[in-house]
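Here the structure is laid out as structure tokens; the discussion comes afterwards.
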Amino acid sequence: MKKITAYACSYCGKIYKNKSSAASHEKKCFANPARRACRTCKHAIKDTETAYVRLQGDQNYGDADYEIDFIYCETTEKILSHQEKPCGFKWNCPYYQEGERLF
């Protein structure tokens with residue numbers, strides 16, 4: 001077994017092999033409050049919606065409905081993150097107010 005040294009982002013916990021890579025990431029990390037990003041804004045709300053699966057003919061899927069987690073901005077009313085869509089997080093937002101980190 002080999003022992004290695006790794007460096008973790010102080011904000012999101014992402015692991016890096018090189019200290020310089022971790023430092024570079026911390027400057028642009030969406031969980032860094034200095035970036036004023038959606039991930040640490042009090043206007044970003046984490047919510048869940050149910051996706052209903054439509055029956056196909058005479059087939060019965062039973063409990064095929066499933067939950068979809070998403071994050072939206074209550075100020076701009078835009079979806080920021082969705083399980084099936086790419087990330088729409090912003091930084092240096094004019095509506096930013098510091099809050100708790102969502103994830």
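Since every read-out is calculated from the coordinates, none of them should be taken as a lab result. Please read these numbers as outputs of a predicted model, since none were measured by experiment. Heads up, the Cβs are rebuilt from the backbone with ideal geometry, glycines too, and the neighbour counts pull from every protein chain shown.
Which order do Ile71, Ile4, Ile79, Ile15 fall in if you start with the one that has the fewest other Cβ atoms within 10 Å? Walk me through the numbers on the way to the answer.
Values: Ile71 19, Ile4 5, Ile79 13, Ile15 10.
With the fewest neighbours first, Ile71, Ile4, Ile79, Ile15 line up as Ile4, Ile15, Ile79, Ile71.
Fewest to most neighbouring Cβ within 10 Å: what's the order for Thr75, Thr50? Present the calculation step by step, with values, prior to reporting the outcome.
On the way: Thr75 15, Thr50 9.
Neighbour counts put them in this order, fewest first: Thr50, Thr75.
Excluding residues on the same chain fewer than 8 positions from Lys90, give the lysines whose Cα lies under 30 Å from its Cα.
Excluding near neighbours in sequence, the set is Lys14, Lys17, Lys19, Lys27, Lys28, Lys42, Lys46, Lys78.
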